[in-house]
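Computed from the coordinates by the stated procedures, all read-outs in this text should not be read as laboratory data. Everything numeric here is computed off the predicted structure, so don't read it as measured data. All Cβ positions, even for glycine, are placed from backbone atoms using ideal geometry, and neighbour counts span all protein chains on display.
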Amino acid sequence: MSELEAPWWLLKPTEFWNQLWRKERKFFESADEEFRHGTSFVAVSSIAEQYYCEYKLENDFALGEIPTETKDSGTALHAELMPTERITREEFAVLVSRKEPALAVIPVWGSAGGLKVVGEPDHVIWAEGRPLWVMELKTTRGDPQPLWEDQENQVRIYGLLLDRMGFDCSKMRLAVVRLKSGDLRDEEKREWILKVSAALIQGKMSELEVKYRGVMKAHILEHSAERAEKAVRSKAGYWLREREPIPSTSVGKCRACEYNAVCPKSLYKPR
Ligand code: SF4
């Protein structure tokens, strides 16, 4: 927060929201293509991808995105599990200011690690104008137990941006929910987001995990602005053109990668 901005606790709700929209406009007006590949803003999902393989991101820019069945089915599943309805920002402000928890997502933005970072979390639970939970959903065909570095840092950076936007994040926690969604019935998919939200709010996630043993794992994290800032900073050199992209050292990742036939750094070449 800049020195000229009043913190949330000194502002009336209307002043807080007006200040937020003003700051948002100023942030996006500052676009000047200053980062690698002529980008003005760096997506949180791109930083997360750097944690998987930075060269994959470079290939995305150089060769264009290669569609895959996994990506397409993942996007369709996300929409099925977390249906959304567009509302105005005024409606958003009213909804999230209520005392009862509300589920609503807002684009997040802010400066971190020398970059201008933007993104949109999968899911946020609010009450009284404060984010209580930021959640990322990660679907998998394999074991949902492990938490990968890219997934952890993605949710951490969303939390950081909400903090930088000026929200009161003192009660905010983070969750990466990994789900083997192929094992859910259609009816369970429809109710899934409400069940997960209720479990987070009521502190009953372990009960839900027992019910969906082997199908779902919720990785709960404490918000730490310092850790999230560090996560962005450690990948910023690529965007600031201070260094070249670093390829993966894992044959397994290259084997699973859609660029393996064309990537000059691939450790696996399909026959
Ligand atoms: S083939 Fe390997 S090095 Fe190349 S982008 Fe894919 S994962 Fe990275």
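Just a few scattered comments:
- Averaging 1/r over each pair of different alpha-carbon atoms in segment 101-163 and inverting the result gives 12.8 Å, the Kirkwood hydrodynamic radius.
- Using θ = phi - 60° and Karplus 6.51 cos²θ - 1.76 cosθ + 1.60, couplings along segment 8-21 (whole Hz; Gly, Pro as x): 4, 6, 9, 10, 6, x, 5, 5, 4, 5, 4, 5, 4, 5
- Residue of GLU244, GLU29, GLU149 that the Gaussian network model of the chain assigns the largest fluctuation, springs spanning Cα pairs under 10 Å: GLU29
- Eigenvalues of the alpha-carbon gyration tensor of segment 128-175, scaled by 5 and square-rooted, set the equivalent ellipsoid semi-axes at 25, 11, 7 angstrom, largest first.
- Note, ³J(HN,Hα) from phi for segment 189-194, Karplus 6.51, -1.76, 1.60, rounded to Hz, x at Gly and Pro: 4, 5, 9, 4, 5, 5
- Here segment 155-271 is described by how far its Cα atoms reach on the three principal axes: 49, 42, 20 Å, from widest to narrowest.
- Relative protection proxy for 172-182, 152-162, 132-142, from highest mean packing down: 152-162, 172-182, 132-142 (other beta-carbon atoms within 10 angstrom).
- Across all directions, the average flat footprint of the convex hull enclosing the Cα atoms of the chain is 15.4 nm².
- Charge tally in the Cβ shell below 10 Å around SER248, where Lys, Arg are +1 and Asp, Glu are -1, SER248 excluded: +2
- When shorter helices are ignored and each DSSP H run of at least 4 residues is given -39500 (n - 2.57), the per-residue value for the chain at 222 nm works out to -13500 deg cm²/dmol.
- Cα-based reach from LYS138 at 18 Å (exclusive), listing lysines while leaving out same-chain residues under 8 positions away: LYS71, LYS180, LYS189, LYS195, LYS217, LYS253
- Looking at the chain, the DSSP beta bridges with both ends there are about 70 percent antiparallel.
- Taking the average, over residues, of other Cβ atoms within 10 Å as the packing measure, peptides 19-26, 106-113 rank 106-113, 19-26 from highest down.
- Solvent-free Debye calculation, one equal scatterer per alpha-carbon of segment 34-112: log10 I(q)/I(0) at 0.21, 0.23 Å⁻¹ equals -1.12, -1.16.
- Along each principal axis, Cα extent of segment 217-269, largest first, Å: 40, 37, 15
- Sparse-neighbour loop sites [trypsin sites (Lys or Arg not before Pro); segment 207-270; at most 15 other C-beta within 10 Å; DSSP]: ARG213, ARG241, ARG243
- Each residue of segment 61-78 was assigned a 3J(HN,Hα) from its phi angle through the Karplus expression (A = 6.51, B = -1.76, C = 1.60, θ = phi - 60°), giving 6, 6, 10, x, 6, 9, x, 9, 4, 4, 5, 4, 6, x, 5, 5, 5, 4 Hz with x at Gly and Pro.
- Whether segment 1-155 is rounded, prolate or oblate, judged on the alpha carbon gyration tensor where a/c under 1.5 counts as rounded: oblate
- Within the shell of other residues whose beta carbon sits under 12 angstrom from the beta carbon of PRO144, the net charge comes to +3, with Lys and Arg scored +1 and Asp and Glu -1.
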